[in-house]
Every structure is written in C-alpha cells, then in structure tokens.
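Below: the structure, in structure tokens.
Bear in mind these aren't lab numbers, they're just calculated from the coordinates by the rules spelled out. Because the structure is predicted, anything quoted here is derived from the model rather than measured. For neighbour counting, all protein chains shown are included, and Cβ atoms are generated from backbone atoms with ideal geometry for every residue, glycine included.
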Amino acid sequence: MDLKEHIRSIQDYPKKGILFRDITTLIKNEKAFSECIDQIVERSKKFEFDKLAAIESRGFVFASAVSYILKKPFILLRKKNKLPAETYSVDFELEYGTATMEVHKDAINQNESVLLIDDLIATGGTAEAAAKLIEMSKGKVAGYVFVINLFDLGGCDNLLKNGFKVENLIDFPGH
C-alpha cells in the first residue's frame, strides 16, 4: 500500500505559504492506519530502546499504538502547562512560530534510551526540542521515526548531521 495516497495536502494552512500534510485522512482509513502502524513497528525494531516518546498531539496517535504492540512504556511530550507534575521545559522555534514543550521529571530514568515518534518532520525544531527534553531527563535518544519527512525543509538532514538515527515512511516536499 502506498501510504502517500492517504495524505491530504492543504494549501495555506495554518498560515499563508504553508502546505500542510494532513494525516487525518490516513488515520480515518483502517487499512491505511494499520499499514502505517505496522511500518512504524518494523522501523522501530532497528533501534535499541527502553521507552517510546511522542510529541503532542499527532505523534500520540501513532506512538500509543506502537507502544501497545511492542510492549514498551510511552512518554508524553506536551505543550506548556499540560502536565500536572514537575516538568522539564524547553522553548523552541517552529516553522510558523515559537512553542514550549515539557516532560514529567520522573518520566525517564538516567541512561534510559528513548525512541521518538512523530507524524511529521519539517525544519526539525520540534524534534530537536524533544531530544533536549530527553537529555535534560538524563536519558539518551535512540533515534526518531517519522511518518512524513518534508525533505526540502532539512529537518532529517539536521538530525543526521547531529548524529541521530532517523527513519521515515513517506517523503514529501514541504512547499
């Protein structure tokens, strides 16, 4: 199955000049979603890791299913003020603004290896912020698995240059 056929593209969302790759059309199709999860599980097996982490909110959709199948703990990386206990925080740049991401201080133990899963990588700012949170928690980044790589925006290339392992299922141009 070609998962690319199940991704909708929306021009000028969330602001003018952005070509948004919408995964809701993939996840509403049970066969495409199942295939996508199976592919993420297979890619995940290339990494050695103790826990999975995902970035709010679309990453949660994929990582929770993968966590269930692989029987691995699942860590939430959330927007500011969404987690109830003590957190580590990091501010970062998005393609269209700035944001803050947090993780519970007790979510990752020292030297635990964490695989990050998200729906999409563009410029890589969110993925790099996630790595900083894991490192602040004294954990190690095992690598990343993305459903979509917007290859011309350079996020995967930046992660690879910084020594991270990266897998993705689909390549799209970002514009």
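Restricting attention to region 13-27, report how many residues are part of a helix (DSSP H, G or I) and free of Cβ contacts under 8 Å to residues at least 24 places away in the same chain.
In the first step, residues of region 13-27 are kept if they are part of a helix (DSSP H, G or I); the result is 24-27.
Filter once more, so that each one left must be free of Cβ contacts under 8 Å to residues at least 24 places away in the same chain: 24-25.
Result for region 13-27: 2.
Considering only residues that are within 13 Å of the chain's Cα centre (by Cα) and among the aromatic types (Phe, Trp, Tyr), look in region 52-93 and name the one that is farthest from Ile27 (Cα to Cα). First the steps, then the outcome.
Of all residues in region 52-93, those within 13 Å of the chain's Cα centre (by Cα) come to 52-64, 66, 74-78.
Filter once more, so that each one left must be among the aromatic types (Phe, Trp, Tyr): 60, 62, 74.
On the way: Phe60: 12, Phe62: 9, Phe74: 20 Å.
Step by step, filter region 52-93, then rank; the result is Phe74.
Are any residues in region 108-118 surrounded by fewer than 24 Cβ atoms within 10 Å (Cβ to Cβ) and either closer than 15 Å to Ala54 by Cα or not polar (S, T, N, Q) (or both), and if so, which ones? Break it down into steps so the answer makes sense when it comes.
Of region 108-118, the ones surrounded by fewer than 24 Cβ atoms within 10 Å (Cβ to Cβ) are 109-113.
Glu112, Ser113, listed by residue number.
What tally of residues in region 28-45 results from selecting those that are among the charged types (D, E, K, R), assigned to a helix (DSSP H, G or I) and out of contact with any helix residue (DSSP H, G or I) (no Cβ under 7 Å at 6 or more places or on another chain)? Before you say what the answer is, go through the steps one by one.
Narrowing region 28-45 to residues among the charged types (D, E, K, R): 28, 30-31, 35, 38, 42-43, 45.
Still in the list and also assigned to a helix (DSSP H, G or I): 30-31, 35, 38, 42-43.
The next check asks that each one be out of contact with any helix residue (DSSP H, G or I) (no Cβ under 7 Å at 6 or more places or on another chain); those that pass are 30-31, 38, 42-43.
Residues in region 28-45 being among the charged types (D, E, K, R), assigned to a helix (DSSP H, G or I) and out of contact with any helix residue (DSSP H, G or I) (no Cβ under 7 Å at 6 or more places or on another chain): 5 in total.
Which condition number in (1) in contact with an Asp or Glu (Cβ under 7 Å, 6 or more places away or on another chain); (2) under 25 Å from Arg21 (Cβ atoms) is the one that Ser89 fails?
Going through the list (1) in contact with an Asp or Glu (Cβ under 7 Å, 6 or more places away or on another chain); (2) under 25 Å from Arg21 (Cβ atoms), Ser89 breaks only (2).
Criterion first (loosely packed, with under 13 Cβ neighbours inside 10 Å, under 20 Å from Asp171 (Cα atoms) and among the basic types (Lys, Arg)) does Lys46 satisfy it? If you could, list the steps in order and put the result at the bottom.
Working: loosely packed, with under 13 Cβ neighbours inside 10 Å: yes; under 20 Å from Asp171 (Cα atoms): yes; among the basic types (Lys, Arg): yes.
Against the criterion (loosely packed, with under 13 Cβ neighbours inside 10 Å, under 20 Å from Asp171 (Cα atoms) and among the basic types (Lys, Arg)), Lys46 qualifies.
Output the residues belonging to region 43-76 that are basic (Lys, Arg) and out of contact with any Pro (no Cβ under 9 Å at 6 or more places or on another chain). Break it down stepwise before answering.
Of all residues in region 43-76, those basic (Lys, Arg) come to 43, 45-46, 51, 58, 71-72.
Scanning region 43-76 gives Arg43, Lys45, Lys46, Arg58, Lys71, Lys72.
What's the number of the condition Glu102 fails, among (1) surrounded by 24 or more Cβ atoms within 10 Å (Cβ to Cβ); (2) farther than 22 Å from Ile23 by Cβ; (3) among the acidic types (Asp, Glu)?
(1)
How about region 57-96: which of its residues are charged (D, E, K, R), surrounded by fewer than 17 Cβ atoms within 10 Å (Cβ to Cβ) and assigned to a loop (DSSP other than H, G, I, E, B)? Even if it seems obvious, please write down each step before you answer.
Applying the first criterion (charged (D, E, K, R)) to region 57-96 yields 58, 71-72, 78-80, 82, 86, 91, 93, 95.
Going one step further and asking which of them are surrounded by fewer than 17 Cβ atoms within 10 Å (Cβ to Cβ), we end up with 71, 79-80, 82, 86, 91, 93.
Selection gives Lys71, Lys80, Lys82, Glu86.
Return yes or no: is Val145 of a type in the set (A, V, I, L, M), more than 25 Å from Asp22 (Cα to Cα) and either crowded, with 23+ Cβ neighbours inside 10 Å or without any contact (Cβ under 8 Å) to a residue 60 or more places away in the chain (or both)?
On the way: of a type in the set (A, V, I, L, M): yes; more than 25 Å from Asp22 (Cα to Cα): no; either crowded, with 23+ Cβ neighbours inside 10 Å or without any contact (Cβ under 8 Å) to a residue 60 or more places away in the chain (or both): yes.
Considered against the rule, which asks whether it is of a type in the set (A, V, I, L, M), more than 25 Å from Asp22 (Cα to Cα) and either crowded, with 23+ Cβ neighbours inside 10 Å or without any contact (Cβ under 8 Å) to a residue 60 or more places away in the chain (or both), Val145 comes out as no.
Being under 16 Å from the mean Cα position of the chain (by Cα) and over 19 Å from Glu167 (Cα atoms) is the filter here, so list the residues in region 23-51 that pass it.
Answer for region 23-51, where residues must be under 16 Å from the mean Cα position of the chain (by Cα) and over 19 Å from Glu167 (Cα atoms): Thr24, Ile27.
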